[in-house]
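Undergrad: Before I ask anything, let me first share the structure, which is written out below as structure tokens.
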């Protein structure tokens, strides 16, 4: 059964699957010293320029590794109240690093320098945890996308105040597809210091990559990566998936498709009685308020999650494998229930 | 190229690979609430009896999850000086839990109650970390295997003194194949409280399982598992591999073969001039001292690791995919170099 | 120079000082196994009933010890946005335990069950940190005091939902003096599970006590206490101060006086032009908005801290050694500046 | 009753007590921004040259602060198997920092570069924790004292291999008194990077000082100090004790006396039947094997601790307040029991 529940419900894209098959050769050196990993590293360099790459199993692993490279226990990570690192990782960054998270209210999931400014008063006061990282999600947990100008403003602000910028890119491909620029232009060129590059939600069997651009953050990274149990002995099986993802712009093709399906879905339900598109549809998510009575019967046909139990806002995620037929079928089911 | 370097150099067994292919269906519920995970759980119950199963990406992740379920920060884990958790995980258990490791000297990698007794004097003294877990590896990092009687003696001793037993079973299949009993008889029936069940070194693309037998340790386990970033969104792709592993005794077939290759290797090199089998060959590892001058040229043909740089003891690991031809070819190469 | 800056600016009350002198005898057993500690323990039992007492050096040490006894790393501590554990301890509880803090908005520094209810939805969801402790300050950081009914309601709510109640009693004496009941009636009888009993801000040279009422929390407490470096070798020198504090109600005499000075101060400035008492004066703190121009010159005569840089709300703390003359002198200085 | 149990059984030296009395003035700024702290800081500068001073409550607090300034969680602290940080702090450094301790065997409690060399092979291997600090105790837990040449050799070795040297100076005064050089010559001039300067065991009511010589370690120190709950609000009461300690060489007078008492004690018991001085008496401790039958009756008159339950080695500590009469009386009691 297909669903609009999450882009992590989907399976493995055929080109990714072939890559795994290809890497299932005889013996390879373990822990990333193999040729498949070297190949993937080169493709990352082609896409981003000079970068240190560490492969991780999942997004939490990538985010924790990133934040650990940036933060000491008395320091704090500024994030949105909706940030995955705050809301969905069972306290992993805090527990693993000992640092604090400083969540900020934001209507659209995006941070701005103005929001962060009041925290600058903490700097130098030993009674307060010290803001050290601004962590943003791109696209955000609310399906919105920072513009290039917004990213640059945040990075400039961070650097001017002794902070790093971490980008949680579980859905970076969807964001970049939406922005219509290169990966590099949307990340390191804006000033991002370190990022989690998502694979699992964009057609991989599994795998994320920690990408370190800032030289200061590279030295200790391999030890943190190992210590939080994210160094994979048979790393070729993750690296090879990224090779496929970065070949012939597969990442872009998949993300563009998922975004288009979200646009189609939003267009088709727009104006239906009692249906309200509740947030800007920038990437592959549609946040929508629908009448309470249709939620259960619609969900019985196509699973999805309720975002807010009070307002009955629903989150509909499109995936690389969502088809036009499924979107149309979903909308048809909704129409009939309304 | 094939090697005798490590059982994690190998690839994916064809039956495992097919299982991944089978699970690459359309959409499945994430985070282990899917049907593939349920299927694997049932096979674990069939093999071990009542058990809580948590799937992890790698062995360090499994070990840390296990130890976290057993230990508070002022407590300590008793282990051998060769234990993977001490020697090869970059301090992951210590960092993640805050606990201490208490390593003990042991000639063959195996602990005994006698060795642990002197630590009992710490109990109740607030100035000392408190022994809480005995962690053993089966088979050990030295290729030896605890007998059933030895396991029972350790578990009884642990329980009589308020301690748990954790079994690091990265190579449990090799050990059980060597013991010639059932999985259950070799673990939970001996009194093991919690274990890491290895897959990666026995033909899986990746994956280990935390198996919790002791009811006291089950309550908090899912949170620890999530918090150390080992909960996989597309968990079906790990679970399905265990389904294949536990079907038609694939685990036993593979482990038995690897063990037989180690026996063959040991037999063939035994008695060669300057060659000394240095430890009991109980499972799939051969520890051997060879003349210094042949090490590099032999390694150039078949990679392997030096275990001890001073004594020039080498570790030769056999894998599920090691063939008789490779063993014979390796021995032939050695003979020619001698 | 005297001040209205903080009750930790003050020195040692003469009766406390005499107690230190008395304990400066020849040799005593270290780490709390001495007769002075036994004597203080008895007085605590007399005041609170059955209780386990651990002496700490400071309030942060006491709070961290308390929270560590209640919390595992995946659990969370619910607190007010103004809580000392959140705002003034440089992240100590989070770093030391690995747990998260869940701050709640509150106008008067006091939590209510209604505020906490929305967090109950997290329980059982492995992606969320799990609420485990409600931590309250009595009196609060805003100088307000929970009523007995409010305390009972919070404790009942906590226990009904599987949570503990921690009371940060850095100023518990001021609160109890304000409530006009016994120490026991205001704490353990309301259902408080564990508390930090403050001494430093009420006439001690130094020292706080962790008081554990809930049997479940007692077992591991001595190890946590030692491990966070709060076990004092010459413990008699802290214990003896508490003996003096708990003798002839010295704690009550001092706290009552400090509270009276705050009442006097509030009464005297009330109605002055441009002066606004901004919060309920329940204990020994007066929060007041005064014209910006008088702040600096007034502070030059009597130091105090600005609470809110935007609203120019000031915090004036009275201490056990604040005199009526000082209050009158301070008000006179303010009048002249207005 | 006087004892030979520990130098932390003793009370407060009269000159120290007077200093506390002097600091019990009206109000002072809290958290170390007061004049008493400034005065003590100046005396430390006079003694050691340029130094950052952080005052702590106890030795564990000082050691943890020091090590936290030097170490990330994947790094390790090399120490002797007898080190206080390993044996007597309930795992505090490990828990607080997440780092590992690497204990080394040593007959006399002293480390040498030769012992540490085998650990250099770990450097750069992500599977191993990385040696980052050499932590030594001066005088050692066995009552021995490193010579200046030994200290210099260790510091040179550490720096040549990218490591820092931490000195646990709970009894540094006794060591320096034994060496007959200046404090500075025995510490920073040898290359020590950071140290815990002991007060509690040398006549203070309480208090240790973290002394940071290496500029690299100064930046984060105040935050670590605060976060592990060692920043004292009424810091003047600790600082003033150090002012007394550093005035007119009180530290040296007390330590010299304690050392002399140990020498006297060793001389008097030397040669008694069945009595064997078991270690070099360099400072204020005498380690001695005595007949088992006299242990309990002797201890009933003068408490002391058994160091080794198997060999019946006893530890007799002399303190600043140990008198010649007590030593003679103790020896007399022993003679009579023999």
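Undergrad: Among the residues of segment A:204-256, write down those that are within 21 Å of residue A:67 (Cβ to Cβ), part of a loop (DSSP other than H, G, I, E, B) and within 14 Å of chain D (Cβ to nearest Cβ).
TA: A:218, A:219, A:220, A:228, A:229, A:230, A:231, A:232
Undergrad: Here is a further query. Among (1) out of contact with any helix residue (DSSP H, G or I) (no Cβ under 8 Å at 6 or more places or on another chain); (2) buried (at least 18 other Cβ atoms within 10 Å of the Cβ); (3) in a loop (DSSP other than H, G, I, E, B), there is one condition residue A:61 misses while meeting the rest; what is its number?
TA: Checking residue A:61 against (1) out of contact with any helix residue (DSSP H, G or I) (no Cβ under 8 Å at 6 or more places or on another chain); (2) buried (at least 18 other Cβ atoms within 10 Å of the Cβ); (3) in a loop (DSSP other than H, G, I, E, B), the one that fails is (3).
Undergrad: Do we find a residue being crowded, with 24+ Cβ neighbours inside 10 Å and over 17 Å from the mean Cα position of the chain (by Cα) anywhere in segment A:162-175?
TA: Scanning segment A:162-175, I find at least one residue that is crowded, with 24+ Cβ neighbours inside 10 Å and over 17 Å from the mean Cα position of the chain (by Cα), so the answer is yes.
Undergrad: Scanning segment B:85-97 for residues that are out of contact with any helix residue (DSSP H, G or I) (no Cβ under 7 Å at 6 or more places or on another chain) and in a helix (DSSP H, G or I), which turns out farthest from residue A:31 (Cα to Cα)?
TA: Our first condition is that a residue be out of contact with any helix residue (DSSP H, G or I) (no Cβ under 7 Å at 6 or more places or on another chain); within segment B:85-97, this holds for B:86-88.
Filter once more, so that each one left must be in a helix (DSSP H, G or I): B:86-87.
Values: B:86: 18, B:87: 16 Å.
Among those residues, the one meeting the criterion is B:86.
Undergrad: Does residue B:214 meet the test of being closer than 24 Å to residue A:93 by Cα and in contact with a strand residue (DSSP E or B) (Cβ under 8 Å, 6 or more places away or on another chain)?
TA: no
Conditions tested, residue by residue: (1) in contact with a strand residue (DSSP E or B) (Cβ under 9 Å, 6 or more places away or on another chain); (2) in the same structural domain as residue C:210 (by TED's automatic domain parsing); (3) under 30 Å from residue C:97 (Cα atoms); (4) surrounded by fewer than 19 Cβ atoms within 10 Å (Cβ to Cβ).
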{"site": "C:235", "(1), (2), (3), (4)": "yes, yes, yes, no"}
{"site": "C:274", "(1), (2), (3), (4)": "yes, no, no, yes"}
{"site": "C:277", "(1), (2), (3), (4)": "yes, no, no, yes"}
{"site": "C:293", "(1), (2), (3), (4)": "no, no, no, yes"}
{"site": "C:305", "(1), (2), (3), (4)": "yes, no, no, yes"}
{"site": "C:314", "(1), (2), (3), (4)": "yes, no, no, no"}
{"site": "C:321", "(1), (2), (3), (4)": "no, no, no, no"}
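Undergrad: Still on this structure: State whether one or more residues within segment A:132-152 are within 14 Å of chain D (Cβ to nearest Cβ), crowded, with 18+ Cβ neighbours inside 10 Å and either at pLDDT 95 or above or closer than 29 Å to residue A:313 by Cβ (or both).
TA: There is at least one residue in segment A:132-152 that is within 14 Å of chain D (Cβ to nearest Cβ), crowded, with 18+ Cβ neighbours inside 10 Å and either at pLDDT 95 or above or closer than 29 Å to residue A:313 by Cβ (or both).
Undergrad: Which one of these is away from chain C (no Cβ under 14 Å), within 25 Å of residue B:110 (Cβ to Cβ) and touching a strand residue (DSSP E or B) at 6+ places or on another chain (Cβ under 8 Å): B:58, B:41?
TA: B:58
Undergrad: Still on this model: If you go through segment C:307-316 one residue at a time, how many are under 28 Å from residue C:253 (Cα atoms) and in contact with a helix residue (DSSP H, G or I) (Cβ under 8 Å, 6 or more places away or on another chain)?
TA: 2
Undergrad: Is one or more of the residues making up segment D:83-93 within 11 Å of another protein chain (Cβ to nearest Cβ), surrounded by 24 or more Cβ atoms within 10 Å (Cβ to Cβ), without any contact (Cβ under 8 Å) to a residue 12 or more places away in the chain and under 25 Å from residue C:208 (Cα atoms)?
TA: Scanning segment D:83-93, I find at least one residue that is within 11 Å of another protein chain (Cβ to nearest Cβ), surrounded by 24 or more Cβ atoms within 10 Å (Cβ to Cβ), without any contact (Cβ under 8 Å) to a residue 12 or more places away in the chain and under 25 Å from residue C:208 (Cα atoms), so the answer is yes.
Undergrad: What about residue D:72, is it surrounded by fewer than 24 Cβ atoms within 10 Å (Cβ to Cβ), within 14 Å of chain A (Cβ to nearest Cβ) and touching a residue at least 40 places away in the same chain (Cβ under 8 Å)?
TA: yes
Undergrad: Still on this structure, please answer the following. Quick check, is residue B:123 under 21 Å from residue B:186 (Cα atoms) and either modelled with pLDDT of 95 or more or touching a strand residue (DSSP E or B) at 6+ places or on another chain (Cβ under 7 Å) (or both)?
TA: Details: under 21 Å from residue B:186 (Cα atoms): no; either modelled with pLDDT of 95 or more or touching a strand residue (DSSP E or B) at 6+ places or on another chain (Cβ under 7 Å) (or both): yes.
Spelling it out, it is not the case that residue B:123 is under 21 Å from residue B:186 (Cα atoms) and either modelled with pLDDT of 95 or more or touching a strand residue (DSSP E or B) at 6+ places or on another chain (Cβ under 7 Å) (or both).
Undergrad: Taking the criterion of being buried (at least 21 other Cβ atoms within 10 Å of the Cβ) and touching a strand residue (DSSP E or B) at 6+ places or on another chain (Cβ under 8 Å), would at least one residue in segment A:11-32 satisfy it?
TA: Yes; the residues of segment A:11-32 include at least one that is buried (at least 21 other Cβ atoms within 10 Å of the Cβ) and touching a strand residue (DSSP E or B) at 6+ places or on another chain (Cβ under 8 Å).
Undergrad: Name every residue in segment A:5-28 that is more than 17 Å from residue A:322 (Cβ to Cβ), free of Cβ contacts under 8 Å to residues at least 60 places away in the same chain and more than 7 Å from every other protein chain (Cβ to nearest Cβ), in order of residue number.
TA: A:21, the sole residue that qualifies.
Undergrad: Same structure again: Residue A:115 is checked against (1) touching a strand residue (DSSP E or B) at 6+ places or on another chain (Cβ under 7 Å); (2) facing another protein chain (nearest Cβ under 10 Å); (3) surrounded by fewer than 22 Cβ atoms within 10 Å (Cβ to Cβ) and fails just one. What number does that condition carry?
TA: Failing condition for residue A:115: (2).
Undergrad: For residue D:284, all conditions in the list (1) touching a strand residue (DSSP E or B) at 6+ places or on another chain (Cβ under 8 Å); (2) within 14 Å of another protein chain (Cβ to nearest Cβ); (3) within 16 Å of residue D:203 (Cα to Cα) hold save one; what is the number of the exception?
TA: So residue D:284 meets the others, but not (2).
Undergrad: Can I ask one more? Among the residues of segment A:98-107, which ones are out of contact with any strand residue (DSSP E or B) (no Cβ under 7 Å at 6 or more places or on another chain) and more than 9 Å from chain C (Cβ to nearest Cβ)? Working first, answer last.
TA: In the first step, residues of segment A:98-107 are kept if they are out of contact with any strand residue (DSSP E or B) (no Cβ under 7 Å at 6 or more places or on another chain); the result is A:98, A:105, A:107.
Hits for segment A:98-107 are A:105, A:107.
Undergrad: Away from chain D (no Cβ under 14 Å) and under 30 Å from residue A:237 (Cα atoms): is that true of residue A:110 in this structure?
TA: Working: away from chain D (no Cβ under 14 Å): yes; under 30 Å from residue A:237 (Cα atoms): no.
Considered against the rule, which asks whether it is away from chain D (no Cβ under 14 Å) and under 30 Å from residue A:237 (Cα atoms), residue A:110 comes out as no.
Undergrad: Residue D:274 versus (1) part of a strand (DSSP E or B); (2) out of contact with any helix residue (DSSP H, G or I) (no Cβ under 7 Å at 6 or more places or on another chain): which is the lone unmet condition?
TA: Exception for residue D:274: condition (1).
The values are calculated or read from the model by the stated rules, or taken from the named source; none is laboratory data. What you see is a predicted model, and the numbers here were worked out from it, not measured in a lab. Positions of Cβ are generated from backbone atoms using ideal geometry, with glycine treated the same way; all protein chains shown enter the neighbour counts.
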